[in-house]
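Comments concern the structure below.
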Amino acid sequence: MSTVPFDQMDGQIWFNGEFVPWRDAKVHVLTHGLHYASAVFEGERAYGGEIFKLRAHTDRLIESGRLLGFKIPYSADEIDSACNELLRRQGFADAYVRPIAWRGSEMMGVSAQNNRINVAIAIWQWPSYFNPEQRMKGIRLDMAEYRRPDPRTAPSKAKASGLYMICTISKHAAEAKGYADALMLDWRGHVAEATGANVFFVKDGVIHTPDPDCFLDGITRRTVIDLAKRRGYEVQVRTILPEELESFTECFLCGTAAEVTPVAEIGPYSFTPGDISRQLVADYAAEVQPKRAAAE
Ligand SMILES: Cc1ncc(COP(=O)(O)O)c(C=O)c1O
């Protein structure tokens, strides 16, 4: 990965309807989104020049804003076209796409009724989240100290910046102990997800994944469930207790950035990335390839 800081790269950023030079896409320190986490964002990947499931991500961005009480001032069509045009201008075939919407500077208190809703999109090259050689060996996860919050505590369905505070703390704590990531339980103590990806397990040829009732129902998660069912696997979406971790033989994470990444360890529990993980890594890699290339 590049060592150039993210605010000093070259290229363009789409900023409130205009393409501006990358280094000029700035916000003031007195920005509500920075002080009060009134921001929502997306993470998307382009493969072969096409953004995978772009409309689903755009719809989720708009819905996340609604859950935070604001209306994004662009239509889904306008946001999709901006993402596609920016990808073309940046000139990348494979890339990461980051739209973000946030409350601006007009009011600086908890109440921010009159603040402008700003929207920006940046696109950069982001190779595989986890080291590629490690991928099939499986990554190691720690157990996180923080839990995914009760939906009565926070808008847990939103991809909201504020919800990532405990993810960064948990990931840093895991990395400090030599782990790649951390598994978070939810507020009830059920298995929930990793700090930036959903989790799946395998036992006796059946796939199990937690019900996303208080965390992000990932677009990759839904894609993987669909791919697994197409292969004829049974997928059980259900409550998973931490005590069950011992009984699973395979485990993998999935998310836009993580793609499908096998897991070898969660704290004291070990897993062996096997046929189902391998199959879904391959099926997902095939699924994200541009549909127009497949049609040619
Ligand atoms: C906390 C969290 N859960 C799950 C996911 C997976 O979501 P998706 O597959 O839509 O990228 C992500 C990735 O964005 C995430 O950050």
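So that you can scan it fast, the table gives a plain yes or no per residue for (1) modelled with pLDDT of 95 or more; (2) in a loop (DSSP other than H, G, I, E, B); (3) within 18 Å of LYS159 (Cα to Cα):
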residue: LEU86; (1), (2), (3): yes, no, no
residue: ARG89; (1), (2), (3): yes, no, no
residue: VAL110; (1), (2), (3): yes, yes, no
residue: ALA122; (1), (2), (3): yes, no, yes
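Since ALA93 meets every condition but one in (1) over 23 Å from TYR164 (Cα atoms); (2) part of a helix (DSSP H, G or I); (3) of a type in the set (Gly, Ala, Ser), which condition does it not meet?
The single condition ALA93 does not satisfy is (2).
Looking at the stretch 215-245, which of its residues are closer than 26 Å to THR58 by Cβ and more than 9 Å from the ligand (Cβ to nearest atom)? Show your work before the answer.
As a first pass, look at the stretch 215-245 and keep what is closer than 26 Å to THR58 by Cβ: 215-230, 237.
Listed by number, the residues that qualify are ILE225, ASP226, LEU227, ALA228, LYS229, ARG230, VAL237.
Condition check: among the aliphatic types (A, V, I, L, M), more than 24 Å from ALA56 (Cα to Cα) and touching a strand residue (DSSP E or B) at 6+ places or on another chain (Cβ under 7 Å). Does ALA174 satisfy that?
Details: among the aliphatic types (A, V, I, L, M): yes; more than 24 Å from ALA56 (Cα to Cα): yes; touching a strand residue (DSSP E or B) at 6+ places or on another chain (Cβ under 7 Å): yes.
It is true that ALA174 is among the aliphatic types (A, V, I, L, M), more than 24 Å from ALA56 (Cα to Cα) and touching a strand residue (DSSP E or B) at 6+ places or on another chain (Cβ under 7 Å).
Could we say that PRO290 is modelled with pLDDT under 95 and either assigned by TED's automatic domain parsing to the domain that holds ASP142 or more than 15 Å from the ligand (Cβ to nearest atom) (or both) here? Step through it out loud before you land on a result.
Working: modelled with pLDDT under 95: yes; either assigned by TED's automatic domain parsing to the domain that holds ASP142 or more than 15 Å from the ligand (Cβ to nearest atom) (or both): yes.
Yes: the conditions hold for PRO290.
Do the conditions hold for LEU245, that is, is it in contact with a Phe, Trp or Tyr (Cβ under 8 Å, 6 or more places away or on another chain), hydrophobic (A, V, I, L, M, F, W, C) and touching a residue at least 60 places away in the same chain (Cβ under 8 Å)? First the steps, then the outcome.
Values: in contact with a Phe, Trp or Tyr (Cβ under 8 Å, 6 or more places away or on another chain): yes; hydrophobic (A, V, I, L, M, F, W, C): yes; touching a residue at least 60 places away in the same chain (Cβ under 8 Å): no.
The answer is no for LEU245.
Being more than 15 Å from THR209 (Cβ to Cβ) and either of a type outside the set (Val, Ile, Thr) or outside the structural domain of GLY218 (by TED's automatic domain parsing) (or both) is the filter; apply it to the stretch 248-263 and report the residue that is farthest from the ligand (Cβ to nearest atom).
For the stretch 248-263, the residue satisfying everything is GLU259.
Can you go through SER81, SER64 and tell me which one is small (Gly, Ala, Ser), surrounded by fewer than 18 Cβ atoms within 10 Å (Cβ to Cβ) and on the phi < 0 side of the Ramachandran plot? Please lay out each step first, then the result.
Working: SER64 fails: surrounded by fewer than 18 Cβ atoms within 10 Å (Cβ to Cβ).
Unique residue meeting the criteria: SER81.
Between a first residue in the stretch 177-197 that is closer than 11 Å to TYR146 by Cβ and a second residue that is of a type in the set (Ser, Thr, Tyr), which pairs have beta carbons less than 6 Å apart while being 6 or more apart in sequence or on different chains?
Listed pairs, sorted by first residue: ALA182/SER170; ALA182/THR195; THR195/SER170.
Looking at (1) in contact (Cβ under 8 Å) with a residue 40 or more places away in the chain; (2) part of a helix (DSSP H, G or I), which is the one condition that is false for ARG66?
(1)
For the stretch 172-189, which positions are touching a Pro at 6+ places or on another chain (Cβ under 8 Å) and of a type in the set (Phe, Trp, Tyr)?
Passing the criteria: only TRP187.
Right, ILE240: within 16 Å of ARG140 (Cβ to Cβ) and either touching a helix residue (DSSP H, G or I) at 6+ places or on another chain (Cβ under 7 Å) or in contact (Cβ under 8 Å) with a residue 24 or more places away in the chain (or both) or not? Break it down stepwise before answering.
Numbers: within 16 Å of ARG140 (Cβ to Cβ): no; either touching a helix residue (DSSP H, G or I) at 6+ places or on another chain (Cβ under 7 Å) or in contact (Cβ under 8 Å) with a residue 24 or more places away in the chain (or both): yes.
The answer is no for ILE240.
When you scan the stretch 167-214 for strands (runs of 3 or more DSSP E) that lie fully inside it, which ones turn up with 2 or more residues that are more than 11 Å from the ligand (Cβ to nearest atom) and among the β-branched types (Val, Ile, Thr)? Walk me through it before giving the result.
Details: elements: 181-185, 191-194, 198-203, 206-210.
By residue number, 206-210.
The values are calculated or read from the model by the stated rules, or taken from the named source; none is laboratory data. If you're wondering where the values come from, they're calculated on a predicted model, not measured in any experiment. Cβ coordinates were reconstructed from backbone atoms using ideal geometry, including for glycine residues, and neighbour counts include every protein chain displayed.
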